[in-house]
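Asker: Next up is a structure, given as structure tokens.
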Amino acid sequence: MSDEKENPRMDMGRNSEHYSDPTPGTAWENMRREEKRLDAARLVVVSALVPILRQTAELAGFEIIGRIPLRDKATGKEYR
């Protein structure tokens, strides 16, 4: 029971009287759907960028020997 108090999203489908209220849960799912779509689009860009960076290094006579960490300037999210 203490987990529900610590994480208010656990009970999004209920109102303060604990009756079923799907509106907040549905709204939360819609917001998360958009976030997931944007994350997937960014991941496609990152996935295309890494081979380009490796090819550029190769053309310049270098070899990338480790991971290439990237940070999205708009969101601050790091990709490793």
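Asker: Please give the residues of the stretch 37-54, grouped as numeric ranges, whose backbone N is less than 17 Å from a label point set 7 Å along the Cα-to-Cβ vector of THR75.
Answerer: Counting backbone N atoms under 17 Å from the label point, the list is 37-50.
Asker: Between ILE65 and ARG14, what length comes free when the chain is fully extended (0.36 nm per residue of separation minus the Cα-Cα distance, one decimal in nm)?
Answerer: Using 0.36 nm per residue and subtracting the Cα-Cα distance, I get 13.2 nm.
Asker: Then there's this: Over the alpha-carbon set of the chain, work out the extent along each principal axis and list the three values in angstrom, largest first.
Answerer: 67, 24, 16 Å, listed from the longest principal axis down.
Asker: With everything on Cα atoms, drop me the angle between helix 22-59 and the longest principal axis of the chain, reported from 0 to 90° to the nearest 10.
Answerer: Helix 22-59 sits roughly 10 degrees off the main axis of the chain.
Asker: Can you find, among THR75, THR26, LEU49, the residue sitting farthest towards the positive end of the charge dipole of the chain, where Lys and Arg contribute +1 and Asp and Glu -1 at Cβ?
Answerer: Among THR75, THR26, LEU49, the one farthest towards the positive end of the dipole of the chain is LEU49.
Only the coordinates and a few stated rules stand behind these numbers; no lab work does. Note that this is a predicted model, so its numbers are computed, not measured. Note: ideal-geometry Cβ built from the backbone for every residue, glycine included; neighbour counts use all protein chains shown.
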